[in-house]
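Taking it in order: structure first as structure tokens, then the write-up.
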Amino acid sequence: MPPANVAGDMLDQQLATVTATIRDMARSGIREVMDAAWQVPGAIILAVGEPNFPTPAHIIDAADAAARAGKTGYVSNAGIFELREALAAKVCSRNGYDVGADEVVVTSGGVEGLFAALSALLDPGDGILLPDPGWPNFVMMAQMLRARIRAYPVVPANDFLPTVPDLERLCDDGTKVLLLNSPSNPLGAVIDRERMHEIAAFAAARGLWIVSDECYDATLFDERFVSAAAVAGLERTISIYTFSKTYAMTGWRVGYVTAPPRVIEQIAKLQEPLISCVNAPAQYAALAALTGPQDVVAQMNAAYRERRDEVCRRLAAAGVPALPPSGAFYVWADVRASGMPSRDFAFALLRERGVAIAPGTAFGPGGEGFARISLATEPAALYEGIDRIIAALAGAPP
Ligand SMILES: Cc1ncc(COP(=O)(O)O)c(C=O)c1O
């Protein structure tokens, strides 16, 4: 092994060959906590957004059957037609707007769908409005595309929702995309119909594209949710969905995008250099998820709801302000009582009490003072973790 200083020089040289765009991209603050959490034996992990349920058996069986039937080759860039047809039907019935199978592209999770959508819309220097706090991958993608990022605040005073005056203030002539995320990660906030109408009118007046991340569209705790395209129309709206959260299929990597014909064609074309196509057996699994029994979704949602209610009850009883989510499976809690910046609090909590949470600042500067607690954790560990957070905020000795 080379001495440390030589190894350091070699690393610097290698980094110098990496593009400035990628080198300068910030690392995910959630990953940073997770890397530390994996070093703490027995840590209670409330920092990740991954369902703690196994993929339902009938979905796994469908992938197995497809693979055994020889459906193991490349398939169309846009996805297998049966799945695209089923997705179009799902969007019509559950998201409330009409698309044909040819306006749907199957993607490698929501994340690749988002990247393909943004790649299709943004040239370097084009402006994009992103939520702060927001899912960190939005910023990373915009940075990769060398877009100009304008962060719009989603703050308690506005029920954690985007407001048109804020969007107006941040929008300029070079702004092309408004990214919405409802239900939101990390806030669990849902844009209601009235606010969506206001936002859609603003986007239309300014000629913006709406890119609507609706990856949590099936994890809902009240009636507020409305799809952006159902209000704004499909003409200038691209919507992104995933099987990851709804059907506990994070590792299968199946998502999908809907967009108007001239854009969906470009997104399908983009699949070729990005991924060529989504894993074929996983697409048959997704088809079985969509067309099979939906009680599995209802059961998972009932579990998240129970955990949400219990977590919010415990936090409220302890006087810890928290936003009860309208959707997704996160609770956004105010950790200012710790007297520490939220990143320091997250690391102290892990070190002293063995609980990993995502610091609010992992989601942007607007997250300072807050932390995201994932409900996608087995209840006994979740409630024990909440009690330890409460004790830490109350300054009880560890
Ligand atoms: C807001 C949001 N969008 C999209 C995704 C993408 O998930 P996947 O790529 O697994 O479909 C996630 C995953 O955490 C998310 O939180």
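Here, each number is a calculation from the coordinates, and none is a lab measurement. Values in this document were obtained by computation on a predicted structure and should not be read as measured data. Every residue, glycine as well, gets a Cβ built from its backbone with ideal geometry; the counts of neighbours run over all protein chains shown.
Summary of computed values
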quantity: Mean projection area, nm², convex hull over Cα of segment 57-291; calculated: 11.9
quantity: Alpha-carbon centroid distance for the pair segment 213-259 / segment 348-384, whole angstrom; calculated: 25
quantity: Under 5 Å, built H, 5+ apart or other chain: amide partners of V355; calculated: I44, L350
quantity: Loop GluC sites (Glu not before Pro), segment 266-362 (other Cβ atoms within 10 Å of the site Cβ: 14 or fewer; DSSP); calculated: none
quantity: Overall form of segment 233-278 per C-alpha gyration tensor (a/c, 1.5; a/b vs b/c); calculated: oblate
quantity: The chain, relative contact order in percent, only Cα pairs under 8 angstrom and at least six apart counted; calculated: 24
quantity: Segment R23-D295, extension gain: residue separation times 0.36 nm, minus the distance between their alpha carbons; calculated: 93.4 nm
quantity: Residues with amide H under 5 Å from that of Y330, placed H, sequence gap 5 or more; calculated: L375
quantity: FRET efficiency, C92 to L170 (Cβ-Cβ, R0 51 Å, nearest 0.05); calculated: 0.95
quantity: DSSP-defined antiparallel bridges as percent of all bridges, segment 57-291, nearest 5; calculated: 30
quantity: Angle in degrees between helix 193-205 and the longest Cα principal axis of the chain, rounded to the nearest 10; calculated: 60
quantity: Helix 57-68 axis, angle to the chain major axis (alpha carbon atoms, nearest 10°); calculated: 50
quantity: 0 to 90° range, to nearest 10: angle between helix 280-291 axis and the chain longest Cα axis; calculated: 90
quantity: Qualifying GluC sites (Glu not before Pro) in segment 155-228, DSSP loop, other Cβ atoms within 10 Å at most 11; calculated: E223
quantity: For the chain, share of DSSP beta bridges that run antiparallel, in % to the nearest 5; calculated: 45
quantity: Given 16 as the ceiling on other Cβ atoms within 10 Å, longest exposed-site-free region of the chain for trypsin sites (Lys or Arg not before Pro) in DSSP loops; calculated: 207-398
quantity: Normalised per residue, the volume of the convex hull around the Cα set of segment 19-159 (Å³); calculated: 220
quantity: Cross-link pairs beyond the 24 Å C-alpha cut-off, checked among K176/K269; K245/K269; K71/K269; calculated: K245/K269
quantity: Computed lengthening from R305 to A205, 0.36 nm per intervening residue step minus Cα-Cα distance; calculated: 32.2 nm
quantity: Segment 84-137: GluC sites (Glu not before Pro) in DSSP loop, at most 11 other beta carbons within 10 Å; calculated: none
quantity: Extension gain, D159 back to A16 (0.36 nm per residue minus Cα-Cα distance, nm); calculated: 47.1 nm
quantity: Quotient of C-alpha Rg and 2.2 N^0.38 Å, computed over the chain; calculated: 1.00
